[in-house]
Amino acid sequence: MSEVKYFRPRSYSEFTDLLGQLPTGFKTVAGTTDFIPAARRGAPYPTALLDISKLNEFQEIKEEGGRILIGAAVTMADLLESDLIIEKCSVLASAAKSLGSPLTRNRATIGGNIANASPSADTAPVLLTLDADVHLISNDGLTRQVPLTSFFKGYKITERGNDEIITGFSFTTPQSGIWSRFAKVGQRSGAAISVANMSVIIDREDNICHDIAVAFGAVAPVPLRAVSVEKAAKGKPFDNQFITDCCEAVQADISPISDIRGSADYRRHVAANILARALTDAFA
Amino acid sequence: MNKQHITLNINREEYDVVVTDNELLSNVIHDTLGLTGTKYGCGTGECGACTVLVNGDPVLACITLVTAVAGAEIITIEGVAPAPGKLDPIQDAFLEQAAVQCGFCTPGMILVAKDLLVRNPHPTEEEIRETIRGNICRCTGYTSIIRAIQQAADPTICCQSKP
């Protein structure tokens with residue numbers, strides 16, 4: 001490993017003082033649960049590391065003005081233990097609980113999960129269905145918010161510029177009474193990387209699907225919203241045809257590949273199956 | 001190589017060490033400080049052999065930068081026992097239940113069990129299984145490990161299982 005400079009700001013003012021001085025080619029890290037294994041596999045080592053895991057501002061989970069704000073350095077363990085998340089957004093807690101092992105979850109952060117942009121990132125489909133915004137700050141101090149739906153550009157390519165740091169995420173607090181589920185298929189039940197994952201949020205009354213948000217991971221180069229499924233389901237009554245239509249529609253949304261974890265064919269089957277099961281349970 | 005001087009608090013003792021900026025916690029604990037109970041297994045955070053407690057939470061030392069935990073309270077397997085020559089009840093239970101074979105996973109298993117029993121003194125079997133999900137054992141088949149953690153939580157189990 002070549003020479004690397006390490007920056008660990010302990011306060012927000014130390015962090016903002018650093019901005020503008022970070023060398024070109026710096027990389028932001030927090031839990032390092034993705035970064036170190038990748039470096040060990042031979043990924044190019046950055047010139048400098050910016051460790052944001054000690055910044056209180058980035059470790060907060062709070063609700064303000066009808067929106068939930070989650071700092072980039074919030075860990076999976078924080079999410080699945082947060083009363084606010086459990087009560088108002090349990091689908092995110094279940095995604096956090098499915099990620100890695102308890103050991104990984106103690107260090108792995110939501111910012112890293114999204115920044116790394118793995119197609120199988122478990123928090124990505126959930127944040128997509130919540131219509132979350134990604135909050136960014138650049139090395140020259142400029143901030144901007146990008147909808148997560150336009151954040152993932154291609155396999156492990158995101159809207160984030162090289163000099164930009166994810167500071168957190170925000171989304172409108174889900175209304176009470178909605179039905180939601182995170183589903184994940186892995187090769188085993190513990191500490192598995194998703195072969196397919198899915199988040200569903202449904203606003204339904206009696207037998208009618210008023211509104212629906214569906215997103216999938218690990219079945220395309222990027223985690224994505226299943227827009228065809230949403231179009232097929234919105235405003236429709238729940239029946240067998242509803243399920244058939246949605247499961248057909250999902251095939252147009254996804255473009256899975258075969259890899260060591262599963263074949264493209266299997267992913268198409270399993271994506272339709274977890275969707276059908278979720279819809280059936282939502283209207284049960 | 002960029003070197004710096006940091007202070008680590010390990011097993012309630014302060015260690016002044018010189019580290020490179022990208023050095024791993026597992027290297028410093030095992031190689032620099034010679035606390036060889038912390039094992040280096042997969043190196044990618046899959047096996048749990050390098051588990052240490054950082055501010056009470058089990059963490060994988062092989063994928064943690066040492067600079068990131070400067071100032072934190074770190075406990076390794078060497079620091080679990082209450083006093084020299086004594087064992088923690090979890091260590092006793094691992095011996096009683098023969099939950100140690102090759103021993104490579106044992107430090108990690110005991111440390112995640114320690115964290116569990118601090119948070120939840122009477123875990124169910126399911127909670128124990130969930131806790132050790134990130135720790136791989138290739139010898140025991142896990143049954144004796146689970147029984148040992150159950151015994152540590154409730155010593156009466158020990159007497160029941162003895163012939």
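When the solvent-accessible surface of protein heavy atoms is calculated with a 1.4 angstrom probe, in what order do A:ARG268, A:ARG40, B:ARG119 fall, highest first?
Result of the area sort, largest leading: B:ARG119, A:ARG40, A:ARG268.
Using only the Cα atoms of the protein assembly as shown, build the gyration tensor, take square roots of its eigenvalues as a ≥ b ≥ c, and label the shape rounded, prolate or oblate: rounded if a/c is under 1.5, else prolate if a/b is larger than b/c, else oblate.
oblate
Give me the percent of accessible area attributable to carbon and sulfur for chain A, probe 1.4 angstrom.
Here it works out to 48 percent.
What is the dipole size for the protein assembly as shown, taken about its Cα centre, with +1 at each Lys and Arg Cβ and -1 at each Asp and Glu Cβ, in debye to the nearest 20?
About 1000 debye.
To the nearest 0.05, what FRET efficiency results for B:ALA81 and A:ASP259 with a Förster distance of 45 Å applied to their C-beta separation?
Step by step, r from the Cβ atoms, then E = 0.50.
Could you sort the residues of the range B:47-71 by number and keep only those whose accessible area is reduced by 30 Å² or more in the all-protein-chain setting relative to the chain alone, 1.4 Å probe?
B:PRO58, B:VAL59, B:LEU60, B:ILE63, B:LEU65, B:THR67, B:ALA68
Name the residues of the range A:87-127 whose accessible area, probed at 1.4 Å, falls by at least 30 Å² once all protein chains are in place instead of their chain on its own?
Listed by number, the residues meeting the 30 Å² cut-off are A:PRO102, A:LEU103, A:ASN106, A:ARG107.
Between the range B:43-60 and the range A:19-48, what is the C-alpha centre distance in whole Å?
Value for the Cα centre distance between the two parts: 20 Å.
Share of the range B:89-153's accessible area from carbon and sulfur, percent, 1.4 Å? Write out the running numbers ahead of the final one.
Working: 1560 of 2950 Å².
The C+S portion of the solvent-accessible surface of the range B:89-153 is 53 percent.
List the accessible area buried at the contact between B and A, summed over both sides and calculated with a 1.4 Å probe, in Å² to the nearest 100. Each step should come with its number before you reach the end.
Details: alone 8510 and 13400 Å², together 19640 Å².
Result for this pair: about 2300 Å² buried.
In whole Hz and in residue order, list the ³J(HN,Hα) couplings for the range A:245-260 that follow from phi through the Karplus curve 6.51 cos²θ - 1.76 cosθ + 1.60, θ = phi - 60°; x for Gly and Pro.
Taking θ as phi minus 60°, the curve returns 4, 5, 6, 6, 4, 4, 5, 7, 7, 9, 9, x, 10, 8, 8, 4 Hz for the range A:245-260.
Roll a 1.4 angstrom probe over the protein heavy atoms and tell me the percent of accessible area of the range B:3-79 that is carbon or sulfur.
The value for the range B:3-79 is 43 percent carbon and sulfur by accessible area.
Sort A:LYS231, B:LYS86 by heavy-atom solvent-accessible area, probe 1.4 angstrom, most to least.
A:LYS231, B:LYS86
Towards the positive end of the charge dipole of the range B:38-163, with charges on Cβ (+1 Lys, Arg; -1 Asp, Glu), say which of B:GLY48, B:CYS139, B:PRO155 has the farthest Cα.
About the Cα centre, the residue reaching furthest to the positive side is B:CYS139.
Could you work out the helix-only [θ] at 222 nm for the protein assembly as shown, with each DSSP H run of four or more residues adding -39,500 (n - 2.57) and the total divided by the number of residues, to the nearest 500 deg cm²/dmol? List each step's numbers first, then the result.
On the way: 16 runs with 137 residues, N = 447.
Result for the protein assembly as shown, helices only: -8500 deg cm²/dmol.
What FRET efficiency would be calculated for the residue pair B:GLU126, A:GLN21, taking the C-beta separation as r and a Förster radius of 51 Å, to the nearest 0.05?
Working from the Cβ atoms, E equals 0.55.
Please give the net charge around A:VAL222, taking every other residue with its beta carbon less than 10 angstrom from that of A:VAL222, where Lys and Arg add +1 and Asp and Glu add -1.
+2
Quick one: ranking A:SER199, A:SER13 by accessible area, 1.4 Å probe, largest first, what do you get? If you can, show how the numbers build up before the last one.
Details: A:SER199 0, A:SER13 70 Å².
If we order A:SER199, A:SER13 from most to least accessible, we get A:SER13, A:SER199.
Averaging sequence separations of C-alpha pairs under 8 Å and six or more residues apart, then dividing by the length of chain A, give the relative contact order as a whole percent.
Relative contact order for chain A comes out at 15 percent.
Helix A:264-282 sits at what angle to the longest principal axis of chain A, using alpha carbons and giving 0 to 90 degrees rounded to 10?
Roughly 70 degrees between the two axes.
Could you let me know the centre-to-centre spacing of the range B:93-163 and the range A:65-81, using Cα atoms, in angstrom?
Cα centroid of the range B:93-163 versus Cα centroid of the range A:65-81: 32 Å apart.
Which net charge results when you count Lys and Arg as +1 and Asp and Glu as -1 among the other residues whose beta-carbon is under 11 Å from that of B:ILE90?
Residues close to B:ILE90 contribute a combined charge of -3.
Go through the range B:5-35 and flag every residue whose accessible area shrinks by 20 Å² or more with all protein chains in place compared to the isolated chain (probe 1.4 Å).
For the range B:5-35, once contacts with the other chains are taken into account, B:ASP21, B:ASN22, B:LEU24 lose 20 Å² or more.
Restricting to Cα pairs below 8 Å that are 6+ residues apart, what does the relative contact order work out to for the range B:89-153? Please round to a whole percent. Don't skip to the answer; put the middle values down first.
Working: 63 pairs, mean separation 35.7, N = 65.
For the range B:89-153, the relative contact order is 55 percent.
Using a 1.4 angstrom probe, figure out how much accessible area the protein assembly as shown has per residue, in square angstrom, rounded to the nearest whole. Don't jump to the answer; show the numbers that get you there.
Working: 19640 Å² over 447 residues.
In whole numbers, the protein assembly as shown has 44 Å² accessible per residue.
The values are calculated or read from the model by the stated rules, or taken from the named source; none is laboratory data. These figures come from a predicted structure and were not determined experimentally. Methodologically, a virtual Cβ is constructed for each residue, glycine included, from the backbone with ideal geometry; neighbour enumeration extends over all protein chains shown. What goes into the accessible areas is simple: the full protein's heavy atoms, side chains included, and nothing from ligands, DNA or RNA. Shrake-Rupley method; radii C 1.70, N 1.55, O 1.52, S 1.80 Å.
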